[in-house]
Amino acid sequence: MHGGDDDLALPQNGVVAAVHYRFNLSEREMTRRIIKGIRNPCVNILGHPTGRLILERSGYEVNMAELVKAAKDHGVALEVNAHPDRLDLRDIHARMAVEHGVKLAISTDAHSVGNLDLMRYGVYTARRGWARAEDVVNTYPLKRLLAVLKR
């Protein structure tokens, strides 16, 4: 398609950043490391913010209040990972984000089509955190979502 209001340019950014190694840093070091990622202008969403894997890893030490503040300051959404092995953010952290005006992004963390039906667990978690549709970026109409991803 060319011309007209139906044209939607792909965002320049659209990056989900997440910690995938070096989980054993101190709380101060890990918080600083993650905030450095949040400050990157290409980052739109912070994935699985606590790094927990249920029954495998409790997650890394991180100051959630500082992450929420940085996310707010830089317009970065926090992921509510719906996969039953993660469920990260926890509902209390989702509530903290919502109370501070930080947007959420619910994700299934699907590595196959069969995992797409896990979305409901992320919705349940976000709702326990008192999130409403306007608090969740992937409930937005496409044009608004693309504008968020262009930040």
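The values are calculated or read from the model by the stated rules, or taken from the named source; none is laboratory data. Note that this is a predicted model, so its numbers are computed, not measured. Don't worry about glycine lacking a Cβ; one is built from the backbone with ideal geometry, like all the others, and counts go over all protein chains shown.
Can you tell me which residue is farthest from L149 (Cα to Cα) among those in segment 49-65 that are over 15 Å from the mean Cα position of the chain (by Cα) and of a type in the set (D, E, K, R)? Looking at residues that are over 15 Å from the mean Cα position of the chain (by Cα) and of a type in the set (D, E, K, R), I get E56. Looking across segment 37-95, the residues that are over 12 Å from I106 (Cα atoms), in contact with a strand residue (DSSP E or B) (Cβ under 8 Å, 6 or more places away or on another chain) and polar (S, T, N, Q) come down to N40, N44, T50. Scan segment 25-57 residue by residue and report those that are under 27 Å from D117 (Cβ atoms) and in contact with a Lys or Arg (Cβ under 8 Å, 6 or more places away or on another chain). Answer for segment 25-57, where residues must be under 27 Å from D117 (Cβ atoms) and in contact with a Lys or Arg (Cβ under 8 Å, 6 or more places away or on another chain): N44, H48, T50, G51, R52, L53, I54. Within segment 81-122, the only residue that satisfies the criterion of being of a type in the set (V, I, T) and in contact with a His (Cβ under 9 Å, 6 or more places away or on another chain) is T108.
For the criterion of being in contact with a Lys or Arg (Cβ under 8 Å, 6 or more places away or on another chain), surrounded by 12 or more Cβ atoms within 10 Å (Cβ to Cβ) and of a type outside the set (A, V, I, L, M, F, W, C), T125 passes.
The criterion of at least 3 residues that are among the hydrophobic types (A, V, I, L, M, F, W, C), modelled with pLDDT of 95 or more and buried (at least 18 other Cβ atoms within 10 Å of the Cβ) is met, among strands (runs of 3 or more DSSP E) falling completely within segment 10-90, by 77-81. Scanning segment 101-151 for residues that are in contact (Cβ under 8 Å) with a residue 40 or more places away in the chain, closer than 20 Å to V15 by Cβ and in a helix (DSSP H, G or I) turns up G122, V137, L142, K143, L146, V148, L149, K150. I'd like the full set of residues that are farther than 19 Å from L149 by Cα and surrounded by 14 or more Cβ atoms within 10 Å (Cβ to Cβ), limited to segment 99-116. Scanning segment 99-116 gives A110, N115.
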